[in-house]
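Just dropping this structure here.
The values are calculated or read from the model by the stated rules, or taken from the named source; none is laboratory data. What you see is a predicted model; the values in this text were computed from it and never measured. Cβ placement follows ideal geometry from the backbone for every residue including glycine, while neighbour counts extend to all protein chains displayed. When the accessible area is computed, the model is the full protein with side chains, heavy atoms only, and any ligands, DNA or RNA have been set aside. Shrake-Rupley method; radii C 1.70, N 1.55, O 1.52, S 1.80 Å.
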Amino acid sequence: MRIVAHRGNRLHVPENTRIALLSAYAAGADVLELDVQLTKDGYLVVSHDGTIDRLTGQPGTILEMTLGELRQHNFGATFALRDGSKYPYRAQLETLPDLLSLLAPCGALLLVELKHDSSLNTGRREEFVEKAVRALIEEGVTDRTVLYSKDPLNLRLAGQLLPTLRLAAFDWELTPEQQIALLLEVGAPGLVTELSSVLNGNSGLTVFGEKLKQLHADGNLPLGAILYPHRKPGVFTQSEFDALRNEDFVWSVSTDSMLDVGRFVRPDWKWIEESFAGNEVNRQFWSFGYAKANKYCHVFQDEGIHIKIAPYDGQPEPPPTSALEREVRGLKEQMWFALKDWPFYSGGGVGLVPGISGDFRAEVDYTVQQVGQATTLEMAVLNVDPGAHQAKVPSSFRAKDSFYDPHGAPPYVGVEHDEDDGYRINWNLGSEYDSNQYGSPRGNGKALSGRLRLERRGAHFAAYYRNSTDAPDWVCVGAVRNESLNRHVYLRCVGKRWRQEREDDPSLYYPILANEFVFRNLTITRFQ
């Protein structure tokens, strides 16, 4: 039985977005489900609703709007966590070809609904279905796609255009008898229906479930039943999973959160559970180090890993008064950048000595003394291993290690609390120090504590955060494919501060902050 991510990880990030779908794959989904509509100007876009009201808070009908008009709206405007709390999260409406291109390399199965809003009584059915089938063919995913629609004429046309395409009948508003009649009429190998119509409250099959099981055994339902929990949140329970997992007629069961079901559908084991209690460092597993060689940063263990950065006492230089002084000042600044050895840049952290093989999930608690521009903390993985353990503040340049530099030792992927802007994913695909890439910051950047989460599945990574300020549940802040990372990677938890120009006047700088970061309760779960 396969696990379907229904519109992606939609309880943790706006639905049907690239982040929702990629993060669901990284969390272990076998199948990624998405919905397709047609725009006024003939683009295929990924949306469950035929209108934009529910997701944007603004009126509008997709079939009556151009792609350009739709892209002016924030499809995450109304996104809320399960407790109802909201936060600003801008989401762009995706086109089907773009999403298929993004998802094709991961190898996941696809469950695609052709929405009846774009075909019933619109006069555009042929255009809609033909473009959808062509998109699947062009991205080479027809052999791992199941297509379904509440409009049976969409399925018939798709089957005519591509006879090898797997189809599923769908209309769970019909009675069980009518659904079976629809299945046989359409001649589809699969049926999309509601989970509770197949499974009763005692974890046994209903009469309808027994009929579907017999149809499958007789060869009239070769693909099987595709089940959705028709409730909020749309998450199946462990007892439902256990009751259905060995039923051959069940092709899949869907969830709105892979994080909720991952603990019982994806075999794993807790590999590391480290509180960092006491002050004795387990050097078989953990190594301290410094991003820069100066006197300001001190890394130590004391009921947590502390990265304590002292106030910067470098003397502010007076403004240059002559052309020669300006030239000398400019050369000094350029030398700092060339050597990457700024005196006001300080940071360090802790690295995992043995590294991690294969797929994993890592989580860590953090606290920070203050938030502001030019200070950040991060949990990330990278290819290089941490250097020798540094038990004291560095006294020479030989004691610094780019492993502990959030900008250094690429490639990497991480999750960070960035300045006072919020949480985001960050990554680097190559070897250039300054070629780092970032997702947009999310959530309350003023939070002084929280928990970070990073997941890996193959070449795909997803980053999350939660805190007691605005995110009681996990919020996904980004997902990325990074094929430049090895199967065996090394984890770091680091903090740093630096000097940063002001946006309103680049000749002026934000204050160079003293700070203290503390990491505790780091866990690493690995998957079979």
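Kindly give the semi-axes, whole Å and largest first, of the ellipsoid equivalent to the range 194-247, taking each as the square root of 5 times a Cα gyration tensor eigenvalue.
Semi-axes, largest first: 20, 11, 10 Å.
For the chain, build the charge dipole from Cβ charges (+1 Lys, Arg; -1 Asp, Glu) around the Cα centre, then report which of Leu147, Thr122, Tyr366 sits farthest towards its positive end.
The one lying farthest along the dipole's positive direction is Tyr366.
Same structure, new question: For the range 238-344, run through the chymotrypsin sites (Phe, Trp or Tyr not before Pro) and keep only the ones in DSSP coil with at most 14 other Cβ atoms within 10 Å of their Cβ.
Counting only loop positions with at most 14 other Cβ atoms within 10 Å, the chymotrypsin sites (Phe, Trp or Tyr not before Pro) in the range 238-344 are Phe285.
Multiply the residue gap between Arg54 and Arg245 by 0.36 nm, knock off their C-alpha separation, and tell me the result in nm, one decimal place.
In short, 65.4 nm is gained.
Average projected area of the Cα convex hull of the chain, in nm²?
Projected over every direction and averaged, the Cα hull of the chain covers 27.3 nm².
Below 8 Å between Cα atoms, with a sequence gap of 6+, how large is the relative contact order for the chain in percent?
15 percent
Would you be so kind as to identify which of His230, Ala217, Ser252 lies farthest towards the positive end of the dipole of the range 204-270, taking Lys and Arg as +1 and Asp and Glu as -1 on Cβ and the Cα centre as origin?
Comparing the listed Cα positions along the dipole, His230 ranks first.
Let me know the Kirkwood hydrodynamic radius for the range 42-99, please, with Cα pairs as the basis and the value in Å to one decimal.
11.9 Å
Residues of the range 346-372 with amide nitrogen under 15 Å from the 7 Å Cα-to-Cβ point of Leu448?
Output list for this probe position: 366-372.
Charges on Cβ only, +1 for Lys and Arg, -1 for Asp and Glu, centred on the Cα centroid of the range 376-528; of Val489, Tyr464, Ser440, which one is farthest towards the dipole's positive end?
Towards the positive end, the residue furthest out is Val489.
Working only with C-alpha atoms, what are the Rg and Dmax values of the range 456-528, expressed in angstrom?
17.4, 53
If you filter the range 463-520 for GluC sites (Glu not before Pro), then keep DSSP loop positions with at most 12 other Cβ within 10 Å, what is left?
Counting only loop positions with at most 12 other Cβ atoms within 10 Å, the GluC sites (Glu not before Pro) in the range 463-520 are Glu483, Glu503.
To the nearest 10 square angstrom, what accessible area does Ile3 show with a 1.4 Å probe?
10 Å²
Add -39500 (n - 2.57) for each DSSP H run of 4 or more in the chain, then divide by its residues: what number comes out at 222 nm, to the nearest 500 deg cm²/dmol?
Result for the chain, helices only: -5500 deg cm²/dmol.
Taking K and R as +1 and D and E as -1, what net charge do the other residues with C-beta under 11 Å from the C-beta of Ser196 add up to?
It works out to a net charge of -1.
Right, something else. Given the range 24-71, report the % of alpha carbon pairs whose separation exceeds 15 Å.
49 percent
Which value, in Å², gives the accessible area per residue of the range 243-333 when a 1.4 Å probe is used on the protein heavy atoms?
With the other protein chains kept in place, the range 243-333 gives 54 Å² per residue.
Quick check for me: using +1 on Lys/Arg Cβ and -1 on Asp/Glu Cβ, what's the dipole size of the range 412-467 about its Cα centre, in debye to the nearest 20?
With only Lys, Arg, Asp and Glu charged at Cβ, the dipole is about 460 debye.
Here is a follow-up. For Met65, Met379, give the ranking by accessible area with the largest first, probe 1.4 Å.
So, going from the largest accessible area down, we get Met65, Met379.
While we're on this one: About the Cα centre of the range 182-253, what is the dipole size in debye to 20, counting +1 per Lys and Arg Cβ and -1 per Asp and Glu Cβ, all else neutral?
200 debye
Averaging over every viewing direction, what projected area does the convex hull of the Cα atoms of the range 61-217 cover, in nm²?
The number I arrive at for the range 61-217 is 12.3 nm².
Can you pull out the chymotrypsin sites (Phe, Trp or Tyr not before Pro) in the range 428-472 that DSSP calls coil and that have at most 16 other Cβ atoms within 10 Å?
Here the sparse-neighbourhood loop sites are Tyr433.
Give me the percent of the accessible area of the chain that comes from carbon and sulfur atoms, probe 1.4 Å, all protein chains in place.
Percent of accessible area from carbon and sulfur atoms in the chain: 49.
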